[in-house]
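Student: Please find one structure pasted underneath; my questions will follow.
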Amino acid sequence: MYKIFSAFLLLFILSSCVSNKRTVYFQGEPAVKSDIYKLNNEPYKIQVGDVLLIDIKSIDPQMVSLFQPNVTSNAGSINGYTLDRHGNIRLPYLGELNVLGYTVTEVREKIENGLKLFIKNTDGLFVEVKQAGIKFIVTGEVGAPGTVNLQQERVNIIEAIANAGEINETGDKTKVEIIRNTADGLKKYNIDLTAIDVFNSDLFYIEPNDIIYVTPLKRKAWGIGTTGLSVFTTFISIFSVVTSTILIVKTF
């Protein structure tokens, strides 16, 4: 009985252990210096649900007062122009503008071209367009899952995870999924946060409305605990039940 117990215990512990390679961030050696900054700098293309802040100014304030959107951005809330389900925003006098799939630079140029129909001298005209923060969802094995809205133009995957309470002990850092709605439809990507190459990944910077899902380790799915002690305790409980069952059966 002792030999059987020892064999089962060893097998159970070995199958329950998780290598540091699955739990430690940024392993390996960094890329050569010339390659470290080769991150994906392709301009973001605006999607349905994004919020834009638009500011129109001129050396003659009265000239653009009719077109100036009444938009403000406060620390506690965001007021801006949200793309409707058709990809449109509506500005005073300019009416509906479809900006789905545009970059913020292209939106600015489109507004400037629209203003030229009303304003002859546009030399002193200044139009600024920017995103009103980045909203995303982090779920799965993190400390504080939910929707996060950061008031900055770019957010990387490390910042996104940190703002969701970090990855739990039961989370698999090698299998972090990013679910993204693209022009070609819904896509799912995998990123390994244990590899130093994550800093060179095209997925290093997230996009608005991304869903980040941290998958659980197998030991979480099996329900065998998150520490060596809890694994051992679980095994003892199972072994006790099995042993008791065998003894009861033998008495009959």
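Student: Of all residues in the range 175-185, count the ones that are more than 15 Å from Phe136 (Cα to Cα) and surrounded by fewer than 16 Cβ atoms within 10 Å (Cβ to Cβ).
Tutor: So the answer is 3.
Student: Which one of these does Gly146 not meet: (1) surrounded by fewer than 20 Cβ atoms within 10 Å (Cβ to Cβ); (2) farther than 25 Å from Asn209 by Cα?
Tutor: So Gly146 meets the others, but not (2).
Student: Please give the number of the condition Asp84 fails out of (1) under 24 Å from Pro208 (Cβ atoms); (2) in contact with a Lys or Arg (Cβ under 6 Å, 6 or more places away or on another chain); (3) touching a residue at least 12 places away in the same chain (Cβ under 8 Å).
Tutor: Failed condition: (2).
Student: Sticking with this structure for a sec: Can you tell me which residue within the range 91-128, out of those that are under 24 Å from the mean Cα position of the chain (by Cα) and in a loop (DSSP other than H, G, I, E, B), is modelled with the lowest pLDDT?
Tutor: Gly101
Student: Within the range 180-200, how many residues are among the polar types (S, T, N, Q) and either outside the structural domain of Ala164 (by TED's automatic domain parsing) or in contact (Cβ under 8 Å) with a residue 40 or more places away in the chain (or both)? Show your work before the answer.
Tutor: Our first condition is that a residue be among the polar types (S, T, N, Q); within the range 180-200, this holds for 181-182, 190, 194, 200.
Filter once more, keeping what is either outside the structural domain of Ala164 (by TED's automatic domain parsing) or in contact (Cβ under 8 Å) with a residue 40 or more places away in the chain (or both): 181, 194, 200.
Final tally of qualifying residues: 3.
Student: Give the residues of the range 150-199 that are touching a helix residue (DSSP H, G or I) at 6+ places or on another chain (Cβ under 7 Å) and of a type in the set (Asp, Glu), sorted by residue number.
Tutor: Asp172, Asp192, listed by residue number.
Yes/no matrix, rows are residues, columns are (1) at pLDDT below 95; (2) not in a strand (DSSP E or B):
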{"site": "Lys130", "(1), (2)": "yes, no"}
{"site": "Thr139", "(1), (2)": "no, no"}
{"site": "Asn149", "(1), (2)": "yes, no"}
{"site": "Glu153", "(1), (2)": "yes, yes"}
{"site": "Ala160", "(1), (2)": "no, yes"}
{"site": "Leu193", "(1), (2)": "yes, yes"}
{"site": "Val198", "(1), (2)": "yes, yes"}
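Student: Still on this structure, I have one more. Is there any pair linking a residue in the range 152-165 that is touching a residue at least 40 places away in the same chain (Cβ under 8 Å) to one that is among the polar types (S, T, N, Q) and part of a loop (DSSP other than H, G, I, E, B), with Cβ under 9 Å and at least six apart or on different chains, and which?
Tutor: Pairs that qualify, where the first residue is touching a residue at least 40 places away in the same chain (Cβ under 8 Å) and the partner is among the polar types (S, T, N, Q) and part of a loop (DSSP other than H, G, I, E, B), are Val155/Asn163; Ile157/Ser201.
The values are calculated or read from the model by the stated rules, or taken from the named source; none is laboratory data. Only a predicted model underlies this, so the values are computations on that prediction, with no experimental measurement involved. Reconstructed Cβ throughout: ideal geometry from the backbone, glycine too, with neighbour counts over all protein chains shown.
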